[in-house]
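These notes concern the structure reproduced below.
The values are calculated or read from the model by the stated rules, or taken from the named source; none is laboratory data. Remember, it's a predicted structure, so these values are computed and weren't measured experimentally. When we count neighbours, we look across all protein chains shown, and the Cβ atoms used for this are built from the backbone with ideal geometry, even at glycine. We work out accessible area using only protein heavy atoms, side chains counted, and drop any ligands, DNA or RNA first. Shrake-Rupley method; radii C 1.70, N 1.55, O 1.52, S 1.80 Å.
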Amino acid sequence: MPSITRRRAPDPDRRATVEAQVLAATERLLAEGTSFTELGVQRIAEAAGVARSTFYTHFRDKSELLMRLAGTMQTANFDIASAWRPESGVEALVDAFRQLLGIHRRYAAVINAVNEVAAYDPAVRRFWRTGVARFSDNTVRLLAEDQRAGRAPADLDVDAATRVVVVGGESAIIDHIASSGGDSSGDDAFARELALIWWHGVYRRPAAPD
C-alpha cells in the first residue's frame, strides 16, 4: 500500500514568534539610526536570526513589514484617543495626550521611517492616511454629538476644526519629539498645552458674538 506523506500543519505559535523577532529586529535597527530605505531584507533577517526566505514567508515585502510596525502604534494610539470623551473633562484629555506622547516616543524611529517611505510608496502613504482618518472620524463624531447637545458652539465647523486639531496635533507631537533630542522632561507641559488648545479652541470654544 503506498505511503501517504502529510504536509505538516502550520504552527501558529512558531509563526507569531518569528514575526515578533523580525518586527523587534527592525525596530532595533531603525532606533540605531539606520534609514529604512537603506535597510535590506538580508540585514533584517540576520538581525532577527532567521533566513531571508523565512522573511518572505511572513512578509510580502519591506513595505508590509513597516505597515505592520506602524499599525501596532496606530492601534495603541487609537485605543487611548477613542477612550476619551468630552464629558471626561480637560484633565482626562491632558492625561490622554501624555500617553500619546509616550507612544510616539516609543515608536519615533518607526514614524520617521513611515514619513521617509510614504514620500515614494503609495501603499504606505495610503495606509498612514487611512490611520489618520480613523482619528478624524472619531473626532467628527464627538464634536457633532457635543454640538447637538449644545455643549460645543453651534457655529463650529466640525470638519474644518477636526482637520486642524487632528492633523495639526499629530504634526505638533512629531515635531516636539524630534526637536527634544530624546529629552522627555517637557512632555507634561506640551501635553497640557495641546489639551487646552483642543478644549478651549474647539470643544468649549465660546460662541461667536452676534
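Arg148 meets the stated requirement of being over 30 Å from Gly33 (Cβ atoms) and charged (D, E, K, R).
Restricting the search to the stretch 143-192, which residues are in a loop (DSSP other than H, G, I, E, B) and open to solvent by less than 70 Å² (accessible area, probe 1.4 Å)? I'd like the intermediate steps shown before the answer.
Within the stretch 143-192, the subset in a loop (DSSP other than H, G, I, E, B) is 149-157, 180-186.
Hits for the stretch 143-192 are Ala149, Gly150, Ala152, Pro153, Leu156, Ser180, Gly182, Ser184, Gly186.
When Glu38, Glu91 are screened for being closer than 30 Å to His176 by Cα, acidic (Asp, Glu) and at pLDDT 95 or above, only Glu91 passes. Checked against the criteria, Leu93 counts as surrounded by 14 or more Cβ atoms within 10 Å (Cβ to Cβ), in contact with a Pro (Cβ under 9 Å, 6 or more places away or on another chain) and in contact (Cβ under 8 Å) with a residue 60 or more places away in the chain. Residue count for the stretch 13-26, restricted to those that are more than 13 Å from His58 (Cα to Cα) and surrounded by 18 or more Cβ atoms within 10 Å (Cβ to Cβ): 2.
Taking the condition of being hydroxyl-bearing (Ser, Thr, Tyr) and touching a helix residue (DSSP H, G or I) at 6+ places or on another chain (Cβ under 9 Å), how many residues in the stretch 158-210 meet it? I'd like the intermediate steps shown before the answer.
Residues of the stretch 158-210 that are hydroxyl-bearing (Ser, Thr, Tyr), as a first pass: 162, 171, 179-180, 184-185, 203.
Retained after the next criterion (residues that are touching a helix residue (DSSP H, G or I) at 6+ places or on another chain (Cβ under 9 Å)): 162, 180, 184, 203.
Going through the stretch 158-210 one residue at a time, the tally reaches 4.
Being crowded, with 17+ Cβ neighbours inside 10 Å, at pLDDT 95 or above and touching a helix residue (DSSP H, G or I) at 6+ places or on another chain (Cβ under 8 Å) is the requirement here; does Ala113 meet it?
Taking the combined requirement at face value, the residue satisfies it.
Against the conditions (1) over 24 Å from Met67 (Cβ atoms); (2) open to solvent by 50 Å² or more (accessible area, probe 1.4 Å); (3) at pLDDT 95 or above; (4) not charged (D, E, K, R), where does Pro122 fall short? Just the number, please. So the condition that Pro122 fails would be (1).
Quick check on Ile197: is it in a helix (DSSP H, G or I), modelled with pLDDT of 95 or more and surrounded by 20 or more Cβ atoms within 10 Å (Cβ to Cβ)? No, not satisfied. Annotation note: of Thr130, Thr139, the sole residue that is assigned to a helix (DSSP H, G or I), of a type in the set (Ser, Thr, Tyr) and open to solvent by less than 40 Å² (accessible area, probe 1.4 Å) is Thr139.
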